[in-house]
Amino acid sequence: MARVVVMGGGVSGHTAATFLRDWLSADHEVVVVTPNSKWNWIPSNIWVGVGRMKKEDVVFDLDPVYKKANIDYRQAKALTIHPEGSKESDTPFITIEYTGQGKEGEKEELTYDYLINATGPKLNFAATEGLGPHGGHTVSVCTADHAVHANEELHKVIAKLKAGEKQTLVIGTGHGMCTCQGAAFEYIFNIDHELRAAGVRDKAEVIWLTNESFLGDFGMGGMHVKRGGYIASSKIFAESLFAEHDMEWILGTHVTKVEEGKIHYETLDGDTDFQEFDFAMLIPPFGGVGLKAYDKEGADITDKVFAPNGFMKVDADYSGKPYEEWKASDWPRTLQNPDYKNMFAVGIAFAPPHLMSKPMKNPNGTPINPTPPRTGMPSAMMGKAVAQSIRDMINGAKEPTHTASMSEMGAACVASAGAGFFSGKAVSMTVYPVVPDYEKYPGVGRDLSYTTGEIGLAGHWIKHFLHYAFMWKAQLKPGWKIIPE
């Protein structure tokens, strides 16, 4: 009998756990450790954040789903990993601390044969003074509860606009090393849509504040799309879209502090400036959740298992070579830890070998560049591939049998630009590969036959359908396995 422990119940962890339980015989255990009692379809939080959906539309209780699937669910947070076991036993284990199930605060050792780190990110609001909804001055859509609060604050602003007061809304990134520009992109266009629907857009100034060096970078170094015999960059696409919606943009910023009504930032030129606001949603930087690792003797080996940012090392090239020598092959394929072969990391939990965007620093030495996105479709594909490998290793395979490299996979993204059955629209994009490969595709880094993009009402219908499809899939309802990742 083997026990597989999955740390994290988000998109990648939930995917891995549910497929493992479906594939493995009842002799084997699948355990999910997550501090959350509910599962959240995070891409739809932006609709909660403008009042188009309620929190209940984007979450569900995990306990009944895992009971139905015969998955051992522990509502707890992982604290430490002991991949060599202890002085008393060679069996590897993790320590956990319960956050629910009537065991709040209790700690426990949980042994494993295979471990999947799918813990996702720590929302590091503390990296920027005054950032975030908890004691800060900005809102967030990173969680369902954050999105509920964001919607409440947004509608206060809309009420003021209706009363004739001018308002400035700033959306974007709250640190020079942020990722998830896509979520902020969706939110700013949904806000624009709601302001127009309320008849107050002319009284509002809407500003995009970002660590990108150019519009349309999205943490992927941008992309090129071939349409009508022409090749257009995402920079041209994004600039046109922002200009058409009468939005201003401030590029290459590292937010240093947020005060009430004022955002302070450095620029790539090394200058400092500020932007006043009445409403601001700034994505925080992501970090590892703070797991520690110890060897058999109890010595701290956190630096061996995790990168400095707190994400787990896997089969990637972490040599730190210069930008000019970066290759797509630097990226991991099996997501297996190089030192402990029964440990894997998926989704945001694995440490990228380097950026996808060109690394940049200002004259003050401050890095200002997007960090790589690892969410959504690629995250789920990683979870499934690792689950397949572990299944096969339990059944006798010596090495991982499946791969999910972001430098070898394509991804589809539907980015909402406003909700409405007849008035909504979304940007529908495909990209292949996710990590640009300039050796294989000189100049553009991607296969233009499979890298596409367009905006329209049909995209909104697709986005709306996908919301219900993935909520259905995650709840393991009939036919869930045939819905693609």
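The values are calculated or read from the model by the stated rules, or taken from the named source; none is laboratory data. Small disclaimer: the values here were computed from a predicted structure and weren't measured. Cβ sites come from the backbone with ideal geometry, for glycine too, and all protein chains shown count toward neighbours. To get the accessible areas, we keep the full protein, side chains included, count just its heavy atoms, and leave off ligands, DNA and RNA. Shrake-Rupley method; radii C 1.70, N 1.55, O 1.52, S 1.80 Å.
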For the stretch 37-98 the trypsin sites (Lys or Arg not before Pro) that pass both the DSSP coil test and the at-most-12 other-Cβ-within-10 Å test are Lys87
Asserting the computed 222 nm helical MRE of the chain (DSSP H runs at least 4 long, -39500 (n - 2.57) per run, divided by residue count, to nearest 500) equals -7500 deg cm²/dmol
Chymotrypsin sites (Phe, Trp or Tyr not before Pro) in the stretch 374-475 lying in a DSSP loop, each with at most 10 other Cβ atoms within 10 Å of its Cβ, come to Phe421, Phe422
With a 1.4 angstrom probe the carbon and sulfur portion of accessible area for the stretch 1-45, in percent, totals 51 percent
Between Ile231 and residues 5 or more places away or on another chain, the pairs with built amide H atoms under 5 Å apart involve none
Taking only protein heavy atoms and a 1.4 Å probe, the highest-to-lowest accessible-area order of Met53, Met429 is Met429, Met53
Mean separation of Cα contacts under 8 Å (at least 6 apart) over the residue count of the chain, i.e. the relative contact order in percent, is 16 percent
Once the in-chain neighbours fewer than 8 apart are removed, the lysines whose Cα is under 29 Å from Lys473 read Lys38, Lys54, Lys55, Lys67, Lys68, Lys77, Lys122, Lys384, Lys425, Lys463, Lys481
Under 15 Å by backbone N from the virtual spin label 7 Å along Cα-to-Cβ at Ile236, the residues of the stretch 421-457 are 444, 452-454
Where a ≥ b ≥ c are root eigenvalues of the Cα gyration tensor, a/c under 1.5 meaning rounded, otherwise prolate if a/b exceeds b/c and oblate otherwise, the stretch 203-313 counts as oblate
Restricting to aspartates and glutamates and to Cα separations under 12 Å from Lys235, and discarding same-chain partners fewer than 8 apart, the set is Glu212, Asp217
One finds, for Lys156 and Ser37 with R0 = 25 angstrom and r their Cβ-Cβ distance, a FRET efficiency to the nearest 0.05 of 0.30
Counting only backbone N atoms under 18 Å from a point 7 Å out along Cα-to-Cβ of Ala69, the residues of the stretch 313-347 in range are 344-347
The helix 234-244 Cα axis meets the longest alpha-carbon principal axis of the chain at an angle in degrees, between 0 and 90 and rounded to 10, of 40 degrees
Nearest-0.05 FRET efficiency for Tyr468 and Asp246 at R0 = 25 Å, using Cβ-Cβ distance, is 0.15
Once both label points are put 7 Å beyond Cα along the C-beta direction, the Asp202-Thr366 separation in nm becomes 3.8 nm
The alpha-carbon center of the stretch 432-482 and that of the stretch 225-265 are separated, in whole Å, by 22 Å
Expressed in angstrom and rounded, the centroid-to-centroid distance over alpha carbons for the stretch 96-144 and the stretch 2-16 is 16 Å
Computed ³J(HN,Hα) along the stretch 319-331: with the Karplus parameters 6.51/-1.76/1.60, θ = phi - 60°, integer Hz and x for glycine or proline, the list is 6, x, 5, x, 3, 5, 9, 4, 9, 4, 5, 5, 7
A correct Karplus calculation of ³J(HN,Hα) over the stretch 252-261, with 6.51 cos²θ - 1.76 cosθ + 1.60, θ = phi - 60°, whole Hz and x for Gly and Pro, returns x, 10, 10, 6, 9, 6, 10, 9, 4, x
Charge tally for neighbours of Gly174 with beta carbon under 12 Å away, counting Lys, Arg as +1 and Asp, Glu as -1, is 0
For the stretch 107-178 the GluC sites (Glu not before Pro) that pass both the DSSP coil test and the at-most-15 other-Cβ-within-10 Å test are Glu165
Amide H neighbours of Glu259 at under 5 Å, excluding residues fewer than 5 places away on the same chain, with H built from the backbone geometry, are His264
Taking Lys and Arg as +1 and Asp and Glu as -1, residues besides Pro92 with C-beta under 9 Å from its C-beta add up to -3
Nearest-0.05 FRET efficiency for Val148 and Glu109 at R0 = 41 Å, using Cβ-Cβ distance, is 0.65
